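Values in this text are rule-based calculations from the coordinates and carry no lab data. Everything numeric in this text was worked out from a predicted model, so none of it was measured. Using ideal geometry, Cβ is built from the backbone for each residue, glycine included, and neighbour counts are taken over all protein chains shown.
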Amino acid sequence: MKAPVNALVSSTARQREIVEVLIRHGWDYMRQLLTLGKSDEPDLPAPEVLCKILTDLGPVYVKLGQLLSTRPDLLPPSYIQALSLLQSDVPPLDWGRMELALRLELGQDPEALFASFDHQTIAAGSIAQIYRATLKDGQPVAIKIQRPGIEVIVNQDIGLFKQIAGLLSATDFGKRYSIVDLAEEFSISLRNELDFTQEASYTERLRQNLSQSRWFDPNQVVVPQVYRELSSRKLLVIEWLDGLPILKAEAATDRSASGLATRHAFTSLTFRVFLQQYLIEGFFHADPHPGNLFYLNDGRLGILDCGMMGTLNPRMQSVMVELVLAIVDSDSNRCAQLTLQLAVPGLEAEIFMNHEAHSCGVGIGNDLAGLSKRGGKRLLADDVNATLRGLRTNGGMRGRRGDDVDKVGLLGI
């Protein structure tokens with residue numbers, strides 16, 4: 001079914017730029033949607049082409065790709081794998097522009113506050129860039145500087161994205177994947193990430209929560225200290241952590257006996273840390289992709305980028321505890337019963353129908369993955385989906401078959 005012809009008729013420079021990128025990469029469907037308002041069923045380009053389009057469109061669309069890379073309920077595995085590469089593949093802005101932004105946020109010369117400042121970009125993200133500096137007392141710190149002008153671009157592109165979602169909303173695709181809701185979710189997530197004071201608060205809260213535990217040694221986990229006096233809405237200064245992302249660390253590829261033992265211990269630690277967040281604290285890191293989890297040089301686990309966090313209320317935590325136990329026991333019927341309690345109100349019947357379709361001996365991991373969605377529609381509450389997504393993501397470093405970590409891996413990792 002076609003949506004009413006309601007093309008994006010405003011001729012802005014940004015809109016023309018977007019159309020030029022689409023023409024260059026040959027995505028004719030989206031070009032016609034933007035210029036003519038034609039909204040037949042969408043035709044996605046190949047995964048690699050989609051990644052190039054999003055990269056060329058700029059930081060906001062890279063962020064959209066990052067969001068989509070965490071949504072296997074929306075896209076096939078080939079797209080999820082390709083989009084996940086956007087996590088770190090963003091060209092940095094030159095130091096001159098970033099230095100001006102830094103001086104405006106500090107309100108004084110950086111030389112007055114830092115003993116040294118490395119102008120080389122450590123990491124470039126869609127919203128900010130990371131640099132290394134040293135405080136006057138010798139403490140090394142990471143400095144996250146928001147890209148200048150990104151807020152204006154974000155607001156402009158969000159407006160365009162919502163209009164595109166409106167055009168798609170009348171198609172079967174738009175209805176099946178709740179495209180308008182996805183646009184709103186994306187908008188809220190992106191605007192929240194523009195406020196670094198929120199990330200600072202989240203980081204401090206997670207650091208406090210993980211400072212004590214009966215499940216793991218808190219001394220083996222590091223959430224960086226925040227330097228509030230140097231931070232602001234567009235600037236975040238935190239403790240520097242020496243290490244590598246978990247999948248780039250030597251421990252991830254070392255196949256020797258000692259290497260496997262080290263990886264197993266680290267994986268067990270990581271799972272215990274995240275299970276405490278989900279099942280005890282009810283406040284958890286909602287974006288634990290491998291680039292945000294570090295294997296530190298001294299063997300500890302470092303947790304970074306706390307801009308996206310989720311919460312579970314006590315009732316949901318209690319159900320999740322029972323769900324984990326049911327999964328360990330491979331009890332698919334109990335899993336289905338508990339999943340009903342986590343469903344979005346009004347969608348319990350669809351959860352039941354999904355259980356009938358996904359409980360034919362294909363395995364509890366696949367069963368739970370199937371129960372969480374139907375026809376592209378998410379049936380579980382957002383924070384429950386975020387919890388399950390986090391557990392699946394953490395599976396990248398899981399241990400060998402037969403150990404206690406793999407029992408948790410039955411969640412569908």
What full-extension length gain, to one decimal in nm, is calculated for residue 17 and residue 113 as 0.36 nm per residue of separation minus the Cα-Cα distance? 30.5 nm
Of 63/248; 52/144; 175/248; 63/136, which pairs sit farther than 32 Å apart, going by alpha carbon to alpha carbon? 175/248; 63/136
Overall form of segment 257-325 per C-alpha gyration tensor (a/c, 1.5; a/b vs b/c): oblate
FRET efficiency (residue 201, residue 247; Cβ distance; R0 25 Å; to 0.05) is 0.30
Hey, if you drop one equal point scatterer on each alpha-carbon of segment 85-134 and run the Debye formula without solvent, what base-10 log of I(q)/I(0) do you get at q = 0.25, 0.28, 0.33 Å⁻¹? -1.00, -1.16, -1.35
